[in-house]
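First up is the structure itself, then whatever we jot down about it.
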Amino acid sequence: MAEPVVRIPDAKVALSTASVYPESTATAFEIAARLGYDGVEVMVWTDPVSQDIEALRRLSDYHGIPILAVHAPCLLITQRVWSTDPWVKLQRARAAAEKLGASTVVVHPPFRWQRQYARDFVSGIWRMANETDVRFAVENMYPWRYRDREMLAYAPDWDVTKDDYRHFTIDLSHAATSRTDAMEMVDRMGDRLGHVHLADGKGSAKDEHLVPGRGGQPCAELLERLALTGFDGHVVIEVNTRRAMSGAEREADLAEALAFTRLHLASSVRVPRR
């Protein structure tokens, strides 16, 4: 006879500080602690606190919320954050992760117009990964679309599985925007999948970052697979709450996202009864 056993992986569920925008980085720590998240991923952007290692350490200590990952400043609006040199940005992200006890640095592939950076990106990421215990997890992106036009904005490619990286981040909202089969992409990443940005999407040209369960992405299926395979990376809730009409509504969305993730980040398996 066999009986069902719930298997829960070691993966921690974190809140991206980007999920509270336009509220502050400090607010993200407060909400993460109140709702019971395991930690946060710090999106380094124009908020000065997100760039200040000592300020982040104080927030982490005060709220009892560990910093599990650092998202390097790779966005258009962060082109001047932590230098205009993209390699310096990654060096500072690595240093921040090491000092704050974070295990992962999330990085986007270069913009196509960053030609020298793009040319050396794959080998450079390997070089940096060999110099630290911190994971550099390169994130899948998407083509930019406007009406019937498509622009390939990232190099070597928005589909990071076409290149050789030690670790990947899968972002399900980005998969929706690129109109890619997310589970096939996860299959291609294989055991190099080290980090997850959990959000939903409906395939719009805009990167939607919906609360999991509100779009068409296989959020539940991915979480259940992670449970079955014993995934030991981090699952980060990275959703868009800009349209929330109040702080209470934003917090309700983030509570719903956490509940969805914890529900599905477990798998019922049958083992022989002793």
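A compact table of results
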item	result
Percent accessible area from carbon and sulfur atoms, the stretch 9-264, protein chains only, probe 1.4 Å	48 percent
Residues of the stretch 106-150 with amide N under 20 Å of the 7 Å Cα→Cβ point at residue 95	106-108, 124-137
Relative packing of peptides 114-126, 132-144 - highest average C-beta neighbours within 10 Å first	132-144, 114-126
With DNA, RNA and ligands ignored, accessible area of residue 34 (1.4 Å probe; Å², nearest 10)	130 Å²
Whole-percent pair-distance distribution, where bins are 5 Å wide, for the alpha carbons of the stretch 9-264	1, 6, 14, 19, 21, 19, 13, 6, 1, 0
Paired Rg and Dmax values of the stretch 16-110, which use every Cα atom, in angstrom	12.3, 37
Prolate/oblate/rounded label for the stretch 19-66 (Cα gyration tensor, a/c 1.5)	oblate
Accessible area of the chain divided out per residue, in Å², using a probe of 1.4 angstrom	47 Å²
Exposure rank, largest accessible area first [38, 187; 1.4 Å]	187, 38
Modelled FRET efficiency - R0 25 Å, residue 191 with residue 62, Cβ distances, 0.05 increments	0.10
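The values are calculated or read from the model by the stated rules, or taken from the named source; none is laboratory data. From a predicted model like this one, the values you see are computed outputs, not experimental measurements. Positions of Cβ are generated from backbone atoms using ideal geometry, with glycine treated the same way; all protein chains shown enter the neighbour counts. Surface areas here come from the heavy atoms of the whole protein model, side chains and all, with no ligands, DNA or RNA. Shrake-Rupley method; radii C 1.70, N 1.55, O 1.52, S 1.80 Å.
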